[in-house]
Amino acid sequence: MKKIALDLKGSFVTHEELQNMKPQIMEAQKTLLNGSGISSDMIGWVDYMNNYDEVEYEEIKASASYIINNSDAIILLGIGGSYLGARASIEAIRGDFHNELCKPQVYYAGQNLSGAYLKNLLEVVKTKKVCIIVVSKSGTTLETALVFRIIRDMMDEKYKEQSKNRIFVVTDEKKGALKSLSELYGYKAFKIPDNIGGRYSVITPVGLLPMAAAGLDTDKFIEGLRDASNEYQTTDFENNICCLYAAARNILNKKGKEVEILVGYEPSIISIAEWWKQLFGESEGKNEQGIFPASLNFTTDLHSMGQFVQEGKKIIFETTIVTEQPKGDIVVPADSNDFDKLNYLSGRTFNDINDKAFEGTFMAHNEGKVPGIVIKVPEMNEFYLGKLFYFFMMTCAISGYTNNIDPFTQPGVENYKKNMFRLLGK
Ligand code: PA5
């Protein structure tokens, strides 16, 4: 079985620098794995895949079958860690145009406060058979809770007393508004473990239920997570890509690289970058420290942001996710006129040309003094997606501990809420 590979050749990080960083990284890994670090009550994700509730997992699969058999469309309600991972998985695995090509369709709500978005969504699903998945650990997140009021009304109007059979909840096991609501109305509820925070929760029912309901193979996903937990808990620094990636990022940051852009050449993986941004942004961005996580979609964004990366302020390093076997391909045909002078490409495939675009870009950015890290994923399937999520989460936690930052809290997120609630007259 091929592994996810990390290539630091273009990173401008030397072997010596890695060796110098090694003791700090290994200490951070030890602190994480033996549970002696700050917020160690939030490291349930490290071994979740080896001790999850199997009965609940079977119920997730049963609910997913019900959803698949009884709906044209799912609306997934949630925000931040309660939605980004599921969206990333569904889009990466089902691929581009998945809502046109796959059943059931998947729509998202409760991740913004736009009245126009909500109104349009209600219009889109008006004539469809719908099931709802609501995810909120606290149950009180404004966006999700407020939108759930509207969606619940829509469902009650549409399905009357059958409505409750079409609403599925993922929330705290014992407490919170959503838990109380599900008990009152009889919604099927799944639990978010206490010891796993939002941005590390894609591996729990938070990710598993929407993934299964969208037809993804969650057994393979869990298999990938298990494989990752074996491979990435090794204390062999040179053979642990989480430790190496954490070390390289920290070395680059110390050399003045303040921004990491996660780049992909497959549009279907854009949402993985959205999930990744939350993971690293919320975990590392505190105490006036952290690397600002950004993302670009190449080659599209080479025609907009490429200029800055190439010649702008030298604060960026670039991490590219390369999918070694994209899911489809097309051969460029010959054209008898050749007006566009592209016949030199005829007979070659788009994926081959895309690969060359990556190689050319990587070289150019390197020449422009932009360090490049490459993460090679053999295939974007459920197995490797599980590994990839775990790889990033492990790297992130190690990276945080290395810098004496608590990678499991997000105190700064509360400030905007305080102002907003005051302005709303709460
Ligand atoms: O990482 C986090 O904790 C946040 O992004 C939360 O997941 C997000 O705010 C949603 O919270 P909740 O699940 O309580 O609705």
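The values are calculated or read from the model by the stated rules, or taken from the named source; none is laboratory data. These numbers come from a predicted model, not from an experiment. Cβ atoms come from the backbone with ideal geometry, glycine included; neighbour counts cover every protein chain shown. SASA here: full protein model, heavy atoms, side chains in, ligands and nucleic acids out. Shrake-Rupley method; radii C 1.70, N 1.55, O 1.52, S 1.80 Å.
Scanning the range 191-232 for residues that are within 14 Å of the ligand (Cβ to nearest atom), part of a helix (DSSP H, G or I) and farther than 29 Å from K103 by Cα gives no hits.
Could you look through the range 125-141, keep only residues that are more than 8 Å from the ligand (Cβ to nearest atom) and among the hydrophobic types (A, V, I, L, M, F, W, C), and pick out the one that is surrounded by the fewest Cβ atoms within 10 Å (Cβ to Cβ)?
To start, the set of residues in the range 125-141 that are more than 8 Å from the ligand (Cβ to nearest atom) comprises 125-134.
Right, trim to among the hydrophobic types (A, V, I, L, M, F, W, C) and you get 125, 130-134.
Working: V125: 22, V130: 25, C131: 25, I132: 24, I133: 27, V134: 28.
It comes out as V125.
Considering (1) within 16 Å of the ligand (Cβ to nearest atom); (2) hydroxyl-bearing (S, T, Y); (3) in a helix (DSSP H, G or I); (4) in contact with a helix residue (DSSP H, G or I) (Cβ under 6 Å, 6 or more places away or on another chain), say which one T171 fails and leave the rest. Evaluating T171 over (1) within 16 Å of the ligand (Cβ to nearest atom); (2) hydroxyl-bearing (S, T, Y); (3) in a helix (DSSP H, G or I); (4) in contact with a helix residue (DSSP H, G or I) (Cβ under 6 Å, 6 or more places away or on another chain) leaves (3) as the failure.
Among the residues examined, A357 does not qualify as at pLDDT 95 or above and under 20 Å from C243 (Cβ atoms). Scanning the range 332-341 for residues that are surrounded by 12 or more Cβ atoms within 10 Å (Cβ to Cβ) and hydrophobic (A, V, I, L, M, F, W, C) yields a count of 1.
This table checks each residue for (1) out of contact with any strand residue (DSSP E or B) (no Cβ under 9 Å at 6 or more places or on another chain); (2) more than 21 Å from D219 (Cβ to Cβ); (3) within 16 Å of the ligand (Cβ to nearest atom).
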site: G35; (1), (2), (3): yes, yes, no
site: M42; (1), (2), (3): yes, yes, yes
site: V46; (1), (2), (3): yes, no, no
site: N69; (1), (2), (3): yes, no, no
site: D72; (1), (2), (3): no, yes, no
site: S82; (1), (2), (3): no, yes, yes
site: A86; (1), (2), (3): no, no, yes
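The one condition from (1) in contact (Cβ under 8 Å) with a residue 40 or more places away in the chain; (2) within 16 Å of the ligand (Cβ to nearest atom) that Y108 does not meet is (1). Here K137 does not qualify as among the basic types (K, R) and either in a helix (DSSP H, G or I) or within 22 Å of L216 (Cα to Cα) (or both).
Residues that are open to solvent by 30 Å² or more (accessible area, probe 1.4 Å) and in contact with a strand residue (DSSP E or B) (Cβ under 7 Å, 6 or more places away or on another chain) were ranked within the range 349-378; the one that is nearest to K255 (Cα to Cα) is N366. On the stretch given as the range 95-110, residues that are surrounded by fewer than 13 Cβ atoms within 10 Å (Cβ to Cβ) and assigned to a helix (DSSP H, G or I) total 2.
If I filter the range 208-235 down to residues being more than 21 Å from Q105 (Cα to Cα) and among the β-branched types (V, I, T), which single residue comes out as least open to solvent (accessible area, probe 1.4 Å)?
I222
Taking the range 111-124 as the range and being more than 16 Å from the ligand (Cβ to nearest atom) and in a loop (DSSP other than H, G, I, E, B) as the test, only S114 passes. Within the bounds of the range 94-102, is there any residue that is among the small types (G, A, S) and without any contact (Cβ under 8 Å) to a residue 40 or more places away in the chain? There is no residue in the range 94-102 that is among the small types (G, A, S) and without any contact (Cβ under 8 Å) to a residue 40 or more places away in the chain.
Can you confirm whether A92 is more than 16 Å from the ligand (Cβ to nearest atom), assigned to a helix (DSSP H, G or I), open to solvent by less than 20 Å² (accessible area, probe 1.4 Å) and more than 21 Å from G198 (Cβ to Cβ)? Give the steps one after another, and end with the answer.
Values: more than 16 Å from the ligand (Cβ to nearest atom): yes; assigned to a helix (DSSP H, G or I): yes; open to solvent by less than 20 Å² (accessible area, probe 1.4 Å): yes; more than 21 Å from G198 (Cβ to Cβ): no.
Spelling it out, it is not the case that A92 is more than 16 Å from the ligand (Cβ to nearest atom), assigned to a helix (DSSP H, G or I), open to solvent by less than 20 Å² (accessible area, probe 1.4 Å) and more than 21 Å from G198 (Cβ to Cβ).
Within the range 50-83, the set of residues being at pLDDT below 95 and open to solvent by less than 10 Å² (accessible area, probe 1.4 Å) is empty.
Here T144 does not qualify as closer than 25 Å to K418 by Cβ and either open to solvent by 10 Å² or more (accessible area, probe 1.4 Å) or not in a helix (DSSP H, G or I) (or both).
Tell me, which residue of the range 251-298 that is outside any loop (DSSP other than H, G, I, E, B) and among the basic types (K, R) is nearest to the ligand (Cβ to nearest atom)? Before you say what the answer is, go through the steps one by one.
Filtering the range 251-298 down to residues outside any loop (DSSP other than H, G, I, E, B) leaves 251-254, 259-264, 267-284, 292-297.
Still in the list and also among the basic types (K, R): 254, 277.
Numbers: K254: 27, K277: 11 Å.
Step by step, filter the range 251-298, then rank; the result is K277.
Report, by residue number, each residue of the range 9-49 that is within 17 Å of A248 (Cα to Cα) and open to solvent by less than 30 Å² (accessible area, probe 1.4 Å).
If the condition is that a residue be within 17 Å of A248 (Cα to Cα) and open to solvent by less than 30 Å² (accessible area, probe 1.4 Å), then G10, S11, V13, L18, M21, I25, A28, Q29 are the ones that fit.
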